[in-house]
Number of protein chains: 2
Amino acid sequence: MARPLPEGFAAAVREVVGPEHIRADVASLEAYGQDALEQGHPPDLVVIPATTREVAAIARLCNERLVPLVVRGAGTGYTGGAVPTRGGVVVSMERLNRIIEIDETNLLAIVEPNVVTADLQRAVEKAGLFYPPDPASLDTSSIGGNVAECAGGPRAFKYGTTKRYVLALEAVLPTGEIVETGSKAVKSVVGYDLTQLLVGSEGTLAIITKITLRLIPKPPARATLLALFGDIQAAVDAVTALIRRRVVPASLELVDADSLSAVRDHLGREVVPPGTGAVLIVEADGMQSAVDDEIDRVADGCREVGAMRVSVAADENDRDRLWNVRRLLSASLMATGLLKINHDVVVPRGRVPDLFRVIQELKKTFGLRIAAFGHAGDGNIHVNLMVDRTNPRELARAKQAERALFERVVALEGSISGEHGIGFAKAPYIGIELSPEEIALMKRVKAAFDPNGILNPGKIFPA
Amino acid sequence: MARPLPEGFAAAVREVVGPEHIRADVASLEAYGQDALEQGHPPDLVVIPATTREVAAIARLCNERLVPLVVRGAGTGYTGGAVPTRGGVVVSMERLNRIIEIDETNLLAIVEPNVVTADLQRAVEKAGLFYPPDPASLDTSSIGGNVAECAGGPRAFKYGTTKRYVLALEAVLPTGEIVETGSKAVKSVVGYDLTQLLVGSEGTLAIITKITLRLIPKPPARATLLALFGDIQAAVDAVTALIRRRVVPASLELVDADSLSAVRDHLGREVVPPGTGAVLIVEADGMQSAVDDEIDRVADGCREVGAMRVSVAADENDRDRLWNVRRLLSASLMATGLLKINHDVVVPRGRVPDLFRVIQELKKTFGLRIAAFGHAGDGNIHVNLMVDRTNPRELARAKQAERALFERVVALEGSISGEHGIGFAKAPYIGIELSPEEIALMKRVKAAFDPNGILNPGKIFPA
């Protein structure tokens, strides 16, 4: 339950950041109490610091007075990681938004947390460099949020998720100390890997204030292929067949029929020929000659397992159009007016066909519309339960389907979240995947960072 | 200081593993008291369990009776990670040596810790798959040790170190619980990333009993290039020039003149033409067409910055011969009869020229012979202080040079260890790189795993 802020607390915080960087009006508290999940609890106070020292001073105040501290980036997360569960302070990182350095000699970038992902990508590409992680939200999400949740995206198939690119962090502990983890060197094994521990820790261990990212040379060429299939089974069989042939392009995305029809309704025009039951979008990148070879192998593979049609994007516009369909999926599903409950489950990459069998079963058993799409190459599928929010019985069935989905995914040796995190949305379910001993160990690690439990309470662990 | 084992302890351990899997004779205790560092303290007892349950039972006994427990793999480490600092029990993993599964559908391998790295590589390559990490010791080192230290190798330049391939672990906590971290899925963000925390934790947090590794398709082609330079400066300039041209082959190895002459003396024949001051060994892999392109770009780059000669290995034998020179470096330096104090320091990749200036300075200031070679593309150079072990004054100068090296590397924003770990050999120096707050935080993390401090005491943290 929410407790009022301790006496004098707001005044002390105001002194740290200045009165113009505090929000306590109802509209602001409401706005900062929600993120892309559209749920949450308003904070009692919003603080907008400009420096690491200010962040540290706020942390110390919160720690001394036992006030919950929730860090907020761009608020694009799907599991409620950036919003309070019971009041306290939201520390918004919006003023920590500079690209500090793009270091071309050492192939790295140093950024403050609220740099927008796509802005960083554009900046480094100007220097012939490349920052691969590409969550669908990249035009609005921040690098800090990407790091806190360990964001993925289509290119994770070839390039890995955010964690692979984080070399070093500056972070403020909830007790106020400023620490630096990792190194500008690409290898470092001095003490424990706190960098990788903080990546994906969802703002529960420390407040990230500076991020050093490894960059790679920009691939000189790329090509995008669209393969149409008669039904979902043919498409997932193609994914397995490609992996069996050892074809690992940069991206291997799958979109099912329900998702495609939502895009059609949203755009008001057909995006694929009628009768298409599923599509694969495949991108290859690298040296031109290798890209050509790889796209040929993908095309052959898709045709041999029964693709209705295979086409390669002719130019940049054509490619953008293709990827635009992929990026519009979430917006299109939301535009249906139905409640979109998005679960980014993940299975071992060869078990995507099994996962789709589970989805078919859930549709039948619970009488739900389910739209599924995502990073098939990684086994990471966004399973969207599409629910009439005015229908309590459908909502209840969705709740049952959610648990059933997680249980089946874990039975397939998968994981209940591939890239969105747990937040509070999935916290009740982590016991399906983790043992009591594992949860207890994680709680001890949490206490090693945050002895008073002030950082982002109510997240990850079941109440 | 060593304390005798508590009464009844050895008998209780004997009951767990059977009397034939215990060693307490002096020769065994001596043997298990040393690793490749050639220093250490003999244990009081060596235990050789066969199962995770046996490991857990031993851990519980050690934890209850406060007996130090040191895990040993193949004993190829250079920082003393696998040997006691003050007696106790060595748990040798030599019987946990099975490749449990090579899963071609999901592109992963499940192994027990004492599988030899090269054996795993050969097994997965038969299935058209690839496990990239290639420490120089790969013919004798174990995967468990590679994971505990986060081993690197030449291919880390393109493929990353061991950590990038560890998906999941089964581990025994020092308090006896068996936990499973990570997932067979390639992405998972459920709770904290304990997998990456355990990788590189040098046996101080938990005992790793099973390892799930991500595999990738085997690159269909590769090519190896040798470039000869008149002096070290020309060679390191070439490294910087290649990185500036965004050429990132699979490996980019540098060997200096002192190292080359040690190989010549060891093999009894010239390995490079007289007058060669340094060489680069460059390997590219991938699709044949891309490999050809890349090797051409490397060759052009090397020539333009003044390589005396550039040649591409004509066939597999030629390539093996080249890599053999690289792999023989450590043995050749040891064969000099001098004490080889090997420090695998690492700097941001563009600062390799600065690091070599530091090495030149140290040679002059401390009057030492220093042989340097290593993973230049990663900024990770093996700096070998070659010392007459019968000369106490030279030994003392080496000690001073060691500290000076670490201070200079940290001043270059590098790290005192890129892939060998800290063990006890470098423990006195971690304060050069880490702040007191960072060390205190790491100790709290250690306590979250190992409340009684029984696991590998004396490692990582200064006494």
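The values are calculated or read from the model by the stated rules, or taken from the named source; none is laboratory data. Note that the structure is a prediction, hence the values are computed from the model and not measured. FYI the Cβ positions are ideal-geometry reconstructions off the backbone, even for glycines, and counts take in every protein chain you see.
Miscellaneous remarks
- Spans of strands (runs of 3 or more DSSP E) in region A:244-338 with at least 2 residues surrounded by fewer than 22 Cβ atoms within 10 Å (Cβ to Cβ) and β-branched (Val, Ile, Thr): A:309-312
- Considering residues of region B:87-108 that are free of Cβ contacts under 8 Å to residues at least 60 places away in the same chain, within 14 Å of chain A (Cβ to nearest Cβ) and in a loop (DSSP other than H, G, I, E, B) only, the residue surrounded by the fewest Cβ atoms within 10 Å (Cβ to Cβ): B:105
- Out of B:204, B:181, sole residue that is buried (at least 21 other Cβ atoms within 10 Å of the Cβ), in contact with a Ser or Thr (Cβ under 6 Å, 6 or more places away or on another chain) and among the β-branched types (Val, Ile, Thr): B:181
- Restricting A:446, A:459 to those that are among the basic types (Lys, Arg), within 23 Å of residue B:451 (Cβ to Cβ) and in contact with a Ser or Thr (Cβ under 8 Å, 6 or more places away or on another chain) reduces the list to A:446.
The rows are residues; the columns are (1) crowded, with 19+ Cβ neighbours inside 10 Å; (2) in contact (Cβ under 8 Å) with a residue 24 or more places away in the chain; (3) touching a His at 6+ places or on another chain (Cβ under 8 Å); (4) within 24 Å of residue B:83 (Cα to Cα).
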position	(1), (2), (3), (4)
B:363	no, no, no, no
B:373	yes, yes, yes, no
B:388	no, yes, no, no
B:395	no, yes, no, yes
B:399	no, no, no, yes
B:428	no, yes, no, yes
B:446	yes, yes, no, yes
B:451	no, yes, no, yes
B:456	yes, yes, no, yes
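- Look at region B:261-272: where a residue is under 14 Å from residue B:333 (Cβ atoms) and in the same structural domain as residue B:329 (by TED's automatic domain parsing) and a partner is outside any helix (DSSP H, G or I) and of a type in the set (Asp, Glu), sitting 6+ places away or on another chain with Cβ atoms under 9 Å, you get B:264/B:270.
Yes/no per residue for (1) within 14 Å of chain A (Cβ to nearest Cβ); (2) within 21 Å of residue B:136 (Cα to Cα); (3) within 22 Å of the chain's Cα centre (by Cα); (4) of a type in the set (Gly, Ala, Ser):
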site: B:236; (1), (2), (3), (4): yes, no, no, no
site: B:260; (1), (2), (3), (4): no, yes, yes, no
site: B:265; (1), (2), (3), (4): no, yes, no, no
site: B:282; (1), (2), (3), (4): no, yes, yes, no
site: B:291; (1), (2), (3), (4): yes, no, no, no
site: B:301; (1), (2), (3), (4): yes, no, no, yes
site: B:330; (1), (2), (3), (4): no, yes, yes, yes
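- Among the residues making up region A:182-207, a single one is part of a loop (DSSP other than H, G, I, E, B), within 7 Å of chain B (Cβ to nearest Cβ) and under 14 Å from residue A:443 (Cα atoms): A:201.
- Looking only at region A:96-131, and only at residues there that are charged (D, E, K, R) and modelled with pLDDT of 95 or more, the one that is nearest to residue B:243 (Cα to Cα): A:103
- Leading residue by the ranking (nearest to residue A:136 (Cα to Cα)) among those in region A:411-463 that are of a type in the set (Val, Ile, Thr) and more than 20 Å from the chain's Cα centre (by Cα): A:432
- Filter pass, residue B:310 being of a type in the set (Val, Ile, Thr) and farther than 17 Å from residue B:154 by Cβ: yes
- Number of the exception - residue B:40 against (1) at positive phi; (2) assigned to a helix (DSSP H, G or I): (2)
Yes/no per residue for (1) over 19 Å from the mean Cα position of the chain (by Cα); (2) in the same structural domain as residue B:378 (by TED's automatic domain parsing); (3) not charged (D, E, K, R):
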site: B:163; (1), (2), (3): no, no, no
site: B:166; (1), (2), (3): no, no, yes
site: B:174; (1), (2), (3): yes, no, yes
site: B:192; (1), (2), (3): yes, no, yes
site: B:197; (1), (2), (3): no, no, yes
site: B:240; (1), (2), (3): yes, no, yes
site: B:245; (1), (2), (3): yes, no, no
